[in-house]
Amino acid sequence: MSERITPAMITSATLGDLSTSLAALQRTSEELSSGRTILEPSDNPYGASHVINLQSQLDGLSSYESAAQDGIARENTASSAMSNMNTVVQRVRELVLQAANGTNNQSDLNTIALQVEQLTESVKQDANAQYAGQYVFSGTLTTTAPYQQGAGDEYQGNGETVSRTVGPGASVTISTNISTLLGNGEAAADGKLLDTLRTIAKDLREGTPEDRAALGTTDLQKLDGNIETLRQLQATAGSATDQLQSALSRNEDLQTSITQSLSNTEDTNFAATSIAYANEQAAYQAALRAGATIVQESLLNFLH
């Protein structure tokens, strides 16, 4: 004896079909509104894991990008300061040549000495350049000014390196040990720039034949040696900037590639999904009308 199909059974089956159809419609609607095909890990376990991995890579690249940009900005500050130093030292060289030509009286030499002393302070001011509130020429002692204004010329920073990590296992040194150029002044007698500038000013003021002779010989030679040291520091800073720019460019290329892969994995294909939504919506509306008719007919047949 076959089981009698009751209106309740028909209604239950119809409602089940409608529920399934509605769930599919709602799912498609959520994909369209969110722009993502993976709404929960259970939707696509492999895809969800891949998305997490790709997003982690993007987060890491974002950190590397910030480090490279920060390094470039810091190096630009250092390079600008060293460019200013070069301008100042070239001016000192012109003054030394002027003083060494033998046509100046002591008053003229004193005036030139004053200019050299002022330019020396300008060099120290450039050595105290800051980026983001930190001294760029102090090594790791970034809150300490490398040089004090005035007669004291001792270097206050350290020779420790500062670097930026710009990729997995890749870092770029962004610190310049300015003391290799400026030294510790006349008291140290190290022949470096501050010592040389102080010696030039002294030779100008004392004005003895020996002092005047030194202007065009040993003083000028030491000055030229320091100019060469400055050029080497500038070249090193320029090389570091190039490395940072290259790392930043590689980083941007990787970000673009990973972002595209992430999009391919989780983003909704709006054209295809919109068509699916329209079809599912039409199917659901048709199922509602058909369900209403079937339930009504089944009920009437049962009553008769």
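Return the distance in nm (one decimal) between the two label points of a simple spin-label model at ASP70 and LYS202, each offset 7 Å from Cα along Cα→Cβ.
Those two pseudo-labels are separated by 4.3 nm.
SER249 to GLN221: FRET efficiency via 1/(1 + (r/R0)^6), r the Cβ-Cβ distance, R0 51 Å, to the nearest 0.05?
For SER249 and GLN221, the calculated efficiency is 0.75.
Any chance you could check the Cα centroid distance between segment 223-248 and segment 135-161 for me, in angstrom?
Using only Cα atoms, the two centres lie 19 Å from each other.
Using Stokes-Einstein with the Kirkwood hydrodynamic radius over Cα pairs, what translational diffusion coefficient do you get for segment 108-148 at 4 °C and a viscosity of 1.567 mPa s, in µm²/s rounded to a whole number?
115 µm²/s
Rule-based calculations on the coordinates, nothing more; no lab input. From a predicted model like this one, the values you see are computed outputs, not experimental measurements. Don't worry about glycine lacking a Cβ; one is built from the backbone with ideal geometry, like all the others, and counts go over all protein chains shown.
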